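The structure appears below as structure tokens.
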Amino acid sequence: MKYFHLVWAALVRSKTRTLLTLMSVVAAFLLFGMLDSVRVAFNSGGDVAGANRMVTMSRLSITQMLPYSLVEQVRAVPGVDKVAYAAWFGGIYRDPKNFFPNFSVSPDFLDLYPEYQIPTGQLRAWQADRRGAIVGDTLARRFGWKIGDTIPLQATIFPTHGSNDWPFTLRGIYKVSDSKRKGEEMALYFHWTYFDEANDYVKSRIGWLVVKPKPGASSDRIAQAIDRLSENSDHETKTQSEQAFNQAFVKQFADIGLIVTAIMGAVFFTLLLLTGNTMAQAVRERIPELAVLKTIGFSNRSVLWLVLAESVLLVVLGGVLGLAIAAVIVPIVGAASGGMVQLPGLMPETWWLGLLLMLAIGVVVGALPALRGMRLNIVDALAGR
């Protein structure tokens, strides 16, 4: 640390160049922090132990529907408290740009989601109306809907009686108690019985079941018992935590892991070229100064470590600042996902991986300039050769 003042002086020698390079490093690690948080989120949450809500879906794919008869079988599993079911509908409102999640659900679906707050009168009105629908407060505000309005959805998968028109009457508006999950208010729910009777394609089929274990019951054992019900059948199931199900639902639209890896590979390759060029130029400008340091007694190894320290310090400063900004932004992004991906903040493994990357990049980009400074001949350097 006694030579820190030399390292710092070299780093701020060209303030504009250092600032621009630092901003590039900040941007790279900001992106890394956000993307790696998504990667960590999608690689976690699969354990059902301790889950207060589980989801049973087809083992093959979320797009494969299950027989309705499975509902009563799951209700009879020891340790199961409540069971609801749902199916993806995929309708659009007037224009494809107005897409929002919409599902057909059992009338007791909201019983498993106490965090969804809806007036009792509105809930009963929806349950009594075969063509009734309930929507989140955020979605209702977006389109200016009010109780009693007709919401015409256009089917993209399930036509009804040869038509794509599915009109619903708005009977209730729910709110989510957790302010970080306001994105979950962007959904519409209607009756599965209406969907089952009116659609032209599938009958007595559901998309998935939501299962709530009894207090003190083993979620692992319940999940295994549920999956055994359809073992060796044409509709084998997979029971998992609700978080894992939400992640699987998002994964059907894209390979998140591949996307994250590809983007980060491109970002860090560009960062290596940029910071490597910066360090090479900085050392080239200071050749006479390095020669003077050797003249007054600095060893070749000391010069090597000074240049490496400068490179590592530049990357670490920018990297830590980038991750700190990501730590603030990530929870906001998680809340905007509507609960599909739980992103409470930067995980410790993201910080540790980020720090390792900072050190590795700093050493790699500083290695060649540092070796050049170490091998520098005093006479040639001072002579300008």
- Could you tell me which residue of segment 167-186 is nearest to Leu110 (Cα to Cα), considering only residues that are among the small types (Gly, Ala, Ser) and in contact with a helix residue (DSSP H, G or I) (Cβ under 7 Å, 6 or more places away or on another chain)? Gly172
- Note on the structure: With criteria (1) hydrophobic (A, V, I, L, M, F, W, C); (2) modelled with pLDDT of 85 or more; (3) crowded, with 21+ Cβ neighbours inside 10 Å, Val48 comes up short on (2)
- Query: Can you find a residue in segment 73-84 that is of a type in the set (Val, Ile, Thr), out of contact with any Ser or Thr (no Cβ under 9 Å at 6 or more places or on another chain) and closer than 21 Å to Phe245 by Cα?
  - Reply: yes
- May I ask you to say which residue of Gln154, Gln122 is more than 27 Å from the chain's Cα centre (by Cα) and modelled with pLDDT of 95 or more? Gln122
- Could you tell me which of the residues Leu139, Leu110 is farther than 17 Å from Pro213 by Cα, out of contact with any Lys or Arg (no Cβ under 8 Å at 6 or more places or on another chain) and assigned to a helix (DSSP H, G or I)? Leu139
- Note on the structure: When segment 113-130 is checked residue by residue, the ones that are assigned to a loop (DSSP other than H, G, I, E, B) and more than 23 Å from Trp208 (Cβ to Cβ) are Pro119, Asp129
- Tell me, please, whether a residue that is among the aliphatic types (A, V, I, L, M), within 30 Å of Gln117 (Cβ to Cβ) and at pLDDT 95 or above can be found in segment 248-265. no
- Message: Consider segment 149-178. How many of its residues are touching a residue at least 40 places away in the same chain (Cβ under 8 Å) and open to solvent by 40 Å² or more (accessible area, probe 1.4 Å)?
- Response: 8
- Of the listed residues (Arg94, Arg142), the one being more than 21 Å from Asn199 (Cα to Cα) and at pLDDT below 95 is Arg142
- Message: Whether any residue in segment 199-217 is modelled with pLDDT under 90 and farther than 30 Å from Gly136 by Cα is what I want to check.
- Response: yes
- Task: Would you check if there is a residue in segment 114-130 being in contact with a helix residue (DSSP H, G or I) (Cβ under 7 Å, 6 or more places away or on another chain), under 20 Å from Val202 (Cβ atoms) and surrounded by fewer than 16 Cβ atoms within 10 Å (Cβ to Cβ)?
- Result: yes
- Note on the structure: With the first residue restricted to segment 53-68 and required to be closer than 19 Å to Phe109 by Cβ and in a loop (DSSP other than H, G, I, E, B), and the second required to be polar (S, T, N, Q) and at pLDDT 90 or above, Cβ contacts under 6 Å at 6 or more apart or on different chains are Tyr68/Ser204
- Task: Answer with yes or no whether Glu197 is surrounded by fewer than 17 Cβ atoms within 10 Å (Cβ to Cβ), assigned to a helix (DSSP H, G or I), on the phi < 0 side of the Ramachandran plot and more than 30 Å from the chain's Cα centre (by Cα).
- Result: yes
- Message: Quick check on segment 133-141. Is at least one of its residues in contact (Cβ under 8 Å) with a residue 12 or more places away in the chain, open to solvent by 20 Å² or more (accessible area, probe 1.4 Å), closer than 19 Å to Met186 by Cα and over 33 Å from the mean Cα position of the chain (by Cα)?
- Response: no
- Query: Can you pull out the residues in segment 305-354 that are under 20 Å from Leu272 (Cα atoms), open to solvent by 30 Å² or more (accessible area, probe 1.4 Å) and at pLDDT below 80?
  - Reply: Trp305
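The values are calculated or read from the model by the stated rules, or taken from the named source; none is laboratory data. What you see is a predicted model, and the numbers here were worked out from it, not measured in a lab. Ideal geometry is used to build each Cβ from the backbone, glycine not excepted, and the neighbour counts take in all protein chains shown. Protein only, heavy atoms only, side chains kept; ligands, DNA and RNA dropped before computing areas. Shrake-Rupley method; radii C 1.70, N 1.55, O 1.52, S 1.80 Å.
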